[in-house]
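Only one structure is covered here, and it is reproduced in the block below.
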Amino acid sequence: MPIVRDQWYVAAYGAEVTREFLARTICNEPIVFYRTEDGAPVALADRCVHRRFPLSQSRLDGDRVVCGYHGFTYEPSGACVYVPGQQRIPRTARVASYPVVEQDSFIWVFIGDPQLAEQRPIPRAPWLNPDSGYVTVAGMEPIKGRYSLLVDNLLDLSHETYLHGGYIGTPEVAETPIETSVDEQTGLVRVSRRMQDAECPPFYAKSTGLTDRISRWQDIEYHAPCLYLLHSRIAPVGSVPNPDGTDPEGFHTEITYAITPETDNSVLDFWMVSRDFAREDADVTEFLAKFNHTVVMQDVDALNILEGVIETEPEGFQELSINIDAGGLAARKVLKRLAEAAA
Amino acid sequence: MPIVRDQWYVAAYGAEVTREFLARTICNEPIVFYRTEDGAPVALADRCVHRRFPLSQSRLDGDRVVCGYHGFTYEPSGACVYVPGQQRIPRTARVASYPVVEQDSFIWVFIGDPQLAEQRPIPRAPWLNPDSGYVTVAGMEPIKGRYSLLVDNLLDLSHETYLHGGYIGTPEVAETPIETSVDEQTGLVRVSRRMQDAECPPFYAKSTGLTDRISRWQDIEYHAPCLYLLHSRIAPVGSVPNPDGTDPEGFHTEITYAITPETDNSVLDFWMVSRDFAREDADVTEFLAKFNHTVVMQDVDALNILEGVIETEPEGFQELSINIDAGGLAARKVLKRLAEAAA
Amino acid sequence: MPIVRDQWYVAAYGAEVTREFLARTICNEPIVFYRTEDGAPVALADRCVHRRFPLSQSRLDGDRVVCGYHGFTYEPSGACVYVPGQQRIPRTARVASYPVVEQDSFIWVFIGDPQLAEQRPIPRAPWLNPDSGYVTVAGMEPIKGRYSLLVDNLLDLSHETYLHGGYIGTPEVAETPIETSVDEQTGLVRVSRRMQDAECPPFYAKSTGLTDRISRWQDIEYHAPCLYLLHSRIAPVGSVPNPDGTDPEGFHTEITYAITPETDNSVLDFWMVSRDFAREDADVTEFLAKFNHTVVMQDVDALNILEGVIETEPEGFQELSINIDAGGLAARKVLKRLAEAAA
C-alpha cells in the first residue's frame, strides 16, 4: 500500500512543538518543527539548501533558523536571509515550508502539493480539546512496520480477543458480526460491532463500576488516511440512548488514533483515550493511561513482528481474508483510490 | 552453492521440541515445532494463513495451535478448524505441515516436495541412541555464514593444525595426504586420513591416557547435504583392529555434525562427540563437552569472519585449491548435482 | 565523487605499524600491515589465496605470515612458501604486496597499479618529523561518511564560525572572502583567507598569550587526494614576516590532515596540529590535544549526520553553492580529473 500524498497528517501533539526543534520524518520527508516567539507552529524542510545539513541540528535566532554548519539563515517562510562570506543571497536559497494547522490538540501538516491544502478538510476530534467535557490520556509509539499494518489492526477489532485477551478482549468481540459501510463521496469507512449482551472486560469494569453483563457498542469511523475514531459506548444490557441524544446510562469513550506514515516501513502511532465519566478520578486516569499503553504495546510488538515477516518472505504470499476483514479491505480500497488520485 | 531442496534436514535435537513452541528457520522456511499431547513431533509453517502472524507467537490448545493475533486455529495436520466471527471455514484455510521423523536423537524435517519424503533415505548415526554403548556430548551453534563454508571446513581437516593448534591439531594432520572417494550412486563423499605414527594431541591424551605416539585414523563420511560423520580411531602405533572387527586396543570417537542451512547466509551447526571409552568417567565427559565447544567456537568465529569477507568482496574472487581440498571439492560437486536435480 | 586510484594514501601513523598485525581497509581494499624483524613496514592483501581467510587473523613466523586457517605461509613479498599436505607450491600462490613508504611520521601505501608508484610524488609534511622544531599533537578518527564530505569540510573554513563557534570560529572567518587558485599541472588547490584585523579565538589566545586583535592567515594547500595542509599564522595586527622569511612576531601552526577513503562511504580522518611556539609547555600541548580532538569530533558528528542524510535522500538533490565553496568546488574538479585519468 503506497503512502497517500496530498493529505493532512498529524505530525505531533501540540505540546511537542516548542522553541526547541522537533525533527520528524513524515511520509518520507524530513521536517523540522518549532514555534515562533508568538507561538505559531512552523514546519520547514529539515535540510539546508547549501550542503543539506539538517536544520534541526541548528539554533533559533528569534524566529529564524541559523544552520549549524555554515550559518545559512532562514525565515519561517523558508526564505533565506543570510549566507556567509557575501552580501548577495542567491534567488534559489529557500527551503520548503509546509502548511501547518493546530487543531484538536494536534499539529497537522500537509504532505504533497501545498496548493491543495485548503481544499482538503481536516477531520475533527473535538473531545481532545480541554473544554470538551472529556478527560484524555494519550501517547505515541513509533512502529517499525508499514502503516497499512496499523490500518489493518485497527479496522478489525476481533483481534482484541486474542492479542489483547485478558485486557480489552472478550470472546464476544471475535464472535459478533460487524457491519461495514463506505461513504464513496468522502472515503469514510464505518465499521460497527454492537454487542447487546456481553461480558464486561476488566478494562471497563475497573473504570466504570459495571460488573454485570453489558451492552457494548464499537463504532469505528476511519477518515483515511490519518484519523481513526472509535466511538465506544457501554451501558447496562437493554439501555439505549434517549431519542434526544442524551444517554445518562451510557459510558462513552472516544478512542482516537492518528496513523502517520513515517517511512515506507514505519509508522507513528498516536493514541488517545477520552472519557466522559469518572472525570475527576485520578486513579481511573492513571489506570487508563497505564492500561492502554500496555494494550498499545501489544499491538506495537505484533506489528514489528509482522513487518519483519513481510520483509523476509518470498514474493507472492497470499493472505486469506474472511468476514471480519471487511473493514480493513474497504480501507485498503479507499487508500488505493486516494493514492492513485494523488499520483 | 544453492541450498538443496527435496531433502531431509536435522531441525533440532529431540529434546528441544516440547510442548512449548520452537521457532526455527530451515532452508529459508520459517517453521514452528511442537509435540502433541501424545509426544509426536509436529512441524507447521510458522505463518497464519490470514495475516501471516507467526504461529510460534501463539498458544497451544491441546494439540491445536491458536493464532495469537485473531484466533485462527489449526490441527497438527495444518487444517484450520476455527476462524473468528463466522461458522464457515474457508476451504483454503490450511498451513503447510512438514514431514517429520524422530531418529538417532534428531528431529528430521523434509524440505521440498513432501511427496518425495518417503523415497529419500535418512542417514543414520546409531551411536547417538542411549542404548548404543556410546556416551555423547553435544551442542548447536548458529553461524552467520553460508552452509558451504561449514562443508568446506569439515571436509578438510588439515585446518585442525592451524585453526585448532594446541587443541586437536598437530603437524601430522596437515602433512598427511588424504584419500578421497565419491559413491556416484548415493553421492556419499569419503575422505580418509590415516596417520600411522603421530603425536597424540592433548585432547586425546587427556581422555584416553595414551601419551606415546599413536596410530590415528580419520575417516569422514559426508551424506550430503546434511549429515557428516567422522569416524575417529586412535590406538598405539602398529595396532590394527582384529579380522572379526573387534578392536580392543582402539579408542573410538564418532564425531557427528548436522549441517542445516538456516538462510542463504547462515547455517545451524549441530555437533556431537560420542565415545566408547571412559564412559563412566564424568570428568572426561565434562572435559570433552567443554573442550569440543571451544574447538567448535574457533570454527564459528572463522566462518563468521569468512562470510563477512565474501559479502564485501568484489565479484570474481578466485580461490586457489590444492590437494587437501579434494574432499571439499567433491562435496561441492555432489551438492551442485543434488541442487540441479531438485530444481 | 569516486575514489581516486593510482595514488599514495596515508594508511597509518608509523607508530601504529608494529610486529602485531594492523588490519585496515584503504580505498575498499583490505590490507594487513606489519613490520619485519628489521623494522621495515609491509603491506599485504589481507586475504589468503586459498579460502580468503584474513591474514590479519594469522600469526607471524619471523618475517613470514602463516595463515590462521590452513597454514599457507607468505613472504613479505607476497610469495607463498608453504602449503599444507604437499611439497609443490602452486605457481599462482601469491598475495598482492603493496608499495609502502614511511615518511613524515606516516606509512604511505600506493593504491592502484604498483608500476605507477614511483612516478607519483608523495607530498611532504616535514614539521611532523621529530627534528623539525615543531611539536605535534595528533589523532585519527574514522568517519562513517564518504571522503568527499571531509574534503568539502576542510576546503571551506567558514564553517568554523558555526560548527566550531566558541572553539576556533569567530565571525571574521565566515565574513572574510577567500582567494582560490589551482595549479593545473599538479592539481594542487590553494585557498587563502587573510584576516588583517580579527578577534583572537579562545583556542589561540590560550596557547599564544595574544589577547588583542590579531592578523590571522589561513593558507590551505590541498594535495589531492590525500594530503591537506593548513598553514596558519597569527601575529599582532600589522605584523608581517621579514623579507628574509624570518617571522619573529608570528606564531605558526601547521595543521595537517590525511584524508584516506576507507570504503565508498567511510573515510579515515588523520589529524595533526604542529606548533613552533610554547614548545616546552606541556600544558599547551595537553590543551591543544584535547581542544583539537573536540573540534575534530564536531566535524565527525556533522559528517556522520550528512552521510545518513545522503543515503536516505531521494535521487537528484541539488546543492546550492556560493563564493565560500570555491575551494571545495575546485577540489572536486581536480579529484574528478584524477579519477578519470586513473580509470
Which members of the stretch A:89-102 meet the condition of being within 12 Å of chain C (Cβ to nearest Cβ), under 32 Å from the mean Cα position of the chain (by Cα) and of a type in the set (A, V, I, L, M)? A:95
It is to be established whether one or more residues within the stretch A:307-323 are more than 14 Å from chain B (Cβ to nearest Cβ), within 30 Å of residue B:50 (Cα to Cα) and not polar (S, T, N, Q). no
Which condition from (1) touching a helix residue (DSSP H, G or I) at 6+ places or on another chain (Cβ under 7 Å); (2) away from chain C (no Cβ under 14 Å) is the one that residue A:23 breaks? (2)
Considering residues of the stretch A:300-331 that are modelled with pLDDT under 95 and acidic (Asp, Glu) only, the residue nearest to residue A:261 (Cα to Cα): A:311
Matching residues in the stretch A:66-88 - criterion: being assigned to a loop (DSSP other than H, G, I, E, B) and either facing chain C (nearest Cβ under 9 Å) or modelled with pLDDT under 95 (or both): A:67, A:68, A:69, A:70, A:71, A:72, A:83, A:84, A:85, A:86, A:87, A:88
Please identify the pairs in which a residue from the stretch A:214-226 that is over 20 Å from residue A:13 (Cβ atoms) and in contact (Cβ under 8 Å) with a residue 60 or more places away in the chain has its Cβ atom under 6 Å from the Cβ atom of a residue that is buried (at least 24 other Cβ atoms within 10 Å of the Cβ) and among the small types (Gly, Ala, Ser), counting only partners at least 6 apart or on another chain. A:222/A:331
Verdict on residue B:269 being within 30 Å of residue C:25 (Cβ to Cβ) and more than 14 Å from every other protein chain (Cβ to nearest Cβ): yes
So, in the stretch C:210-231, how many residues would count as being in a loop (DSSP other than H, G, I, E, B), in contact with a strand residue (DSSP E or B) (Cβ under 9 Å, 6 or more places away or on another chain) and surrounded by fewer than 23 Cβ atoms within 10 Å (Cβ to Cβ)? 3
Which condition number does residue C:108 fail, the rest of (1) in contact with a helix residue (DSSP H, G or I) (Cβ under 6 Å, 6 or more places away or on another chain); (2) away from chain B (no Cβ under 14 Å) being met? (1)
Select from the stretch B:23-65 the residues that are crowded, with 18+ Cβ neighbours inside 10 Å, in a loop (DSSP other than H, G, I, E, B) and in contact (Cβ under 8 Å) with a residue 24 or more places away in the chain and list them in ascending order. B:27, B:47, B:48, B:49, B:50, B:54, B:58
Considering only the stretch B:114-138, how many residues are crowded, with 17+ Cβ neighbours inside 10 Å and over 22 Å from residue B:275 (Cα atoms)? 2
Failed criterion for residue B:10 (all others in (1) surrounded by fewer than 21 Cβ atoms within 10 Å (Cβ to Cβ); (2) on the phi < 0 side of the Ramachandran plot hold): (1)
Return yes when residue B:173 is modelled with pLDDT of 95 or more, β-branched (Val, Ile, Thr) and either more than 21 Å from residue B:275 (Cα to Cα) or assigned by TED's automatic domain parsing to the domain that holds residue B:207 (or both) and no when it is not. no
Here the residues within the stretch C:272-331 that are of a type in the set (Val, Ile, Thr) and within 22 Å of the chain's Cα centre (by Cα) are C:273, C:285, C:294, C:295, C:296, C:300, C:305
Which of (1) within 14 Å of chain C (Cβ to nearest Cβ); (2) on the phi > 0 side of the Ramachandran plot does residue A:62 not meet, given it meets every other one? (1)
Every residue from the stretch B:135-186 that is within 11 Å of chain C (Cβ to nearest Cβ), in contact with a strand residue (DSSP E or B) (Cβ under 9 Å, 6 or more places away or on another chain) and either part of a loop (DSSP other than H, G, I, E, B) or of a type in the set (Phe, Trp, Tyr) (or both): B:156, B:162, B:176, B:177, B:178
For residue A:72, are the conditions met, namely being surrounded by 16 or more Cβ atoms within 10 Å (Cβ to Cβ), of a type in the set (Phe, Trp, Tyr) and either out of contact with any Leu (no Cβ under 8 Å at 6 or more places or on another chain) or free of Cβ contacts under 8 Å to residues at least 24 places away in the same chain (or both)? yes
Residues of the stretch A:263-284 satisfying the condition of being under 16 Å from residue A:251 (Cα atoms) and either without any contact (Cβ under 8 Å) to a residue 24 or more places away in the chain or in contact with a strand residue (DSSP E or B) (Cβ under 6 Å, 6 or more places away or on another chain) (or both): A:273, A:274, A:275, A:276, A:277, A:279, A:280, A:281
Exactly one of (1) under 20 Å from residue B:147 (Cβ atoms); (2) in contact with a strand residue (DSSP E or B) (Cβ under 8 Å, 6 or more places away or on another chain); (3) not in a helix (DSSP H, G or I) is unmet by residue B:319. Its number? (2)
Taking the conditions exactly as written (without any contact (Cβ under 8 Å) to a residue 40 or more places away in the chain and out of contact with any Cys (no Cβ under 7 Å at 6 or more places or on another chain)), does residue A:317 satisfy them or not? yes
Find the residue count for the stretch C:201-217, including only residues that are under 26 Å from the mean Cα position of the chain (by Cα) and either more than 12 Å from residue C:277 (Cα to Cα) or not assigned by TED's automatic domain parsing to the domain that holds residue C:252 (or both). 5
Please pick out the residue among C:105, C:148 that is within 14 Å of the chain's Cα centre (by Cα), closer than 30 Å to residue C:251 by Cα and of a type in the set (Ser, Thr, Tyr). C:105
Is it the case, given these coordinates, that residue B:248 is in contact with a Gly (Cβ under 8 Å, 6 or more places away or on another chain), more than 14 Å from every other protein chain (Cβ to nearest Cβ), farther than 30 Å from residue B:31 by Cα and in a loop (DSSP other than H, G, I, E, B)? no
Mind checking which residues of the stretch C:96-135 are in contact with a Leu (Cβ under 6 Å, 6 or more places away or on another chain) and over 22 Å from residue C:331 (Cα atoms)? C:97, C:104, C:105
Using the structure shown, decide if residue C:121 is on the phi < 0 side of the Ramachandran plot and in a loop (DSSP other than H, G, I, E, B). yes
Would you check if residue C:111 is more than 30 Å from residue C:78 (Cβ to Cβ) and either over 12 Å from the mean Cα position of the chain (by Cα) or buried (at least 22 other Cβ atoms within 10 Å of the Cβ) (or both)? no
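The values are calculated or read from the model by the stated rules, or taken from the named source; none is laboratory data. In this text the structure is predicted, and so the values were computed from the model without any measurement. Cβ: placed from backbone, ideal geometry, glycine included. Neighbour counts: every protein chain shown.
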